[in-house]
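All remarks here apply to the structure that follows.
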């Protein structure tokens, strides 16, 4: 027992020495900690809304209104039951899951492949030029990206339909066709994030010792074998961690882009949890029900994260914790 207590004291003293040595870096970290504490942790008390029949009161503070609101049935689960048993649940779950899984399956490998191809370029000018061009879509706003898509895919003047017409085919109203929505959503996401996503892997590749490639060349290894036996193992930890983080967001399909893209003709494939929360919680002012749906979504994402982390630790011996 005494040895355990002494061991803890030694660890805390070691942490204190390291903190004193790196106090400047810790001071630089304080604004980020304050930001997340103020805007991410303090508002957590608002989760209570999901378990209550919340209604805004003009003569009361927001916190007092939440605390005095009546509970939504036994254990406050009425809103969750109403959502799961409601007519929209399975459609929303299907659409959210498919958009998330398609974005993961098709969008996750693309930055890795792009980074590997960039790493094979030997001329720095071409490499820098391609990198710069690939970064540009990331800095475009979602509004600009969707506006460009609508112009390019316009049934009357869009370049895609102009080419289809010249080939003797009928023009397609892409933005009003539910069958095209998922393809457009995923492909536009890949286009905007591919270049910036490759930065992480290029940073990992920059630490690979060049002598490994030289030794492989001497042993007669082709460029493909060098990529398979040297490059990919070097970025394996980064790939696994990034995959785990992406798995945690399979059901976290943002509403901003979808709201700009969808319309009444594409609801069947475009309506997801986040857009339903926007309509029910903010447009219809049913805050409790909207919060319950959003909390349900967050809990499922946590389960995805824990499962992905467990599988990664068992299969690849890499994990977040």
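Among 215, 187, 157, which is in the same structural domain as residue 103 (by TED's automatic domain parsing) and out of contact with any strand residue (DSSP E or B) (no Cβ under 8 Å at 6 or more places or on another chain)?
That would be 215, the only listed residue that is in the same structural domain as residue 103 (by TED's automatic domain parsing) and out of contact with any strand residue (DSSP E or B) (no Cβ under 8 Å at 6 or more places or on another chain).
Select, from 97, 80, 89, 108, the only residue that is within 30 Å of residue 224 (Cβ to Cβ) and surrounded by 14 or more Cβ atoms within 10 Å (Cβ to Cβ).
Criteria check complete, one pass: 108.
Looking for whichever is surrounded by fewer than 20 Cβ atoms within 10 Å (Cβ to Cβ) and either part of a helix (DSSP H, G or I) or in contact with a strand residue (DSSP E or B) (Cβ under 8 Å, 6 or more places away or on another chain) (or both) here; the options are 260, 265. Which one fits?
That would be 260, the only listed residue that is surrounded by fewer than 20 Cβ atoms within 10 Å (Cβ to Cβ) and either part of a helix (DSSP H, G or I) or in contact with a strand residue (DSSP E or B) (Cβ under 8 Å, 6 or more places away or on another chain) (or both).
Just one of 29, 63, 48 is farther than 18 Å from residue 295 by Cβ, under 29 Å from the mean Cα position of the chain (by Cα) and at pLDDT below 90; which is it?
29
Taking segment 137-180 only, how many residues are in a helix (DSSP H, G or I) and under 19 Å from the mean Cα position of the chain (by Cα)?
7
Residue 245 fails exactly one of the following numbered conditions: (1) in the same structural domain as residue 97 (by TED's automatic domain parsing); (2) under 30 Å from residue 264 (Cα atoms). What is the number of that condition?
If we test residue 245 against (1) in the same structural domain as residue 97 (by TED's automatic domain parsing); (2) under 30 Å from residue 264 (Cα atoms), just (2) comes out false.
Is there any pair linking a residue in segment 53-77 that is closer than 17 Å to residue 43 by Cα to one that is modelled with pLDDT under 80 and outside any loop (DSSP other than H, G, I, E, B), with Cβ under 9 Å and at least six apart or on different chains, and which?
54/65; 54/66; 56/62; 56/65
Pick from 204, 178: which is surrounded by 14 or more Cβ atoms within 10 Å (Cβ to Cβ), in contact (Cβ under 8 Å) with a residue 24 or more places away in the chain and closer than 30 Å to residue 277 by Cα?
That would be 178, the only listed residue that is surrounded by 14 or more Cβ atoms within 10 Å (Cβ to Cβ), in contact (Cβ under 8 Å) with a residue 24 or more places away in the chain and closer than 30 Å to residue 277 by Cα.
So that you can scan it fast, the table gives a plain yes or no per residue for (1) part of a loop (DSSP other than H, G, I, E, B); (2) buried (at least 16 other Cβ atoms within 10 Å of the Cβ); (3) at pLDDT below 85; (4) touching a helix residue (DSSP H, G or I) at 6+ places or on another chain (Cβ under 9 Å):
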site: 197; (1), (2), (3), (4): no, yes, no, yes
site: 208; (1), (2), (3), (4): yes, no, yes, yes
site: 214; (1), (2), (3), (4): no, no, yes, no
site: 217; (1), (2), (3), (4): no, no, yes, yes
site: 240; (1), (2), (3), (4): no, yes, no, yes
site: 251; (1), (2), (3), (4): yes, yes, yes, yes
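Counting just the residues of segment 157-168 that are touching a helix residue (DSSP H, G or I) at 6+ places or on another chain (Cβ under 9 Å) and surrounded by fewer than 19 Cβ atoms within 10 Å (Cβ to Cβ), which one comes out farthest from residue 137 (Cα to Cα)?
Checked segment 157-168; the qualifying residue farthest from residue 137 (Cα to Cα) is 157.
Mind telling me which of the residues 106, 80 ends up being in the same structural domain as residue 298 (by TED's automatic domain parsing), at pLDDT 90 or above and in contact with a helix residue (DSSP H, G or I) (Cβ under 7 Å, 6 or more places away or on another chain)?
106
Of all residues being without any contact (Cβ under 8 Å) to a residue 12 or more places away in the chain and exposed (fewer than 14 other Cβ atoms within 10 Å of the Cβ) in segment 111-126, which is nearest to residue 179 (Cα to Cα)? Just the residue, please.
The extreme case among them is 113.
Residues are listed down the side, and each one gets a yes or a no for (1) in contact with a strand residue (DSSP E or B) (Cβ under 6 Å, 6 or more places away or on another chain); (2) part of a helix (DSSP H, G or I); (3) closer than 24 Å to residue 66 by Cβ:
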{"site": "279", "(1), (2), (3)": "no, yes, yes"}
{"site": "282", "(1), (2), (3)": "no, yes, yes"}
{"site": "289", "(1), (2), (3)": "no, yes, yes"}
{"site": "297", "(1), (2), (3)": "no, yes, yes"}
{"site": "302", "(1), (2), (3)": "no, yes, yes"}
{"site": "305", "(1), (2), (3)": "no, yes, no"}
{"site": "313", "(1), (2), (3)": "no, yes, no"}
{"site": "318", "(1), (2), (3)": "no, no, no"}
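The values are calculated or read from the model by the stated rules, or taken from the named source; none is laboratory data. Since this is a predicted model, take the numbers as computed values, not measurements. Positions of Cβ are backbone-derived with ideal geometry, glycine not excepted, and every protein chain shown enters the neighbour counts.
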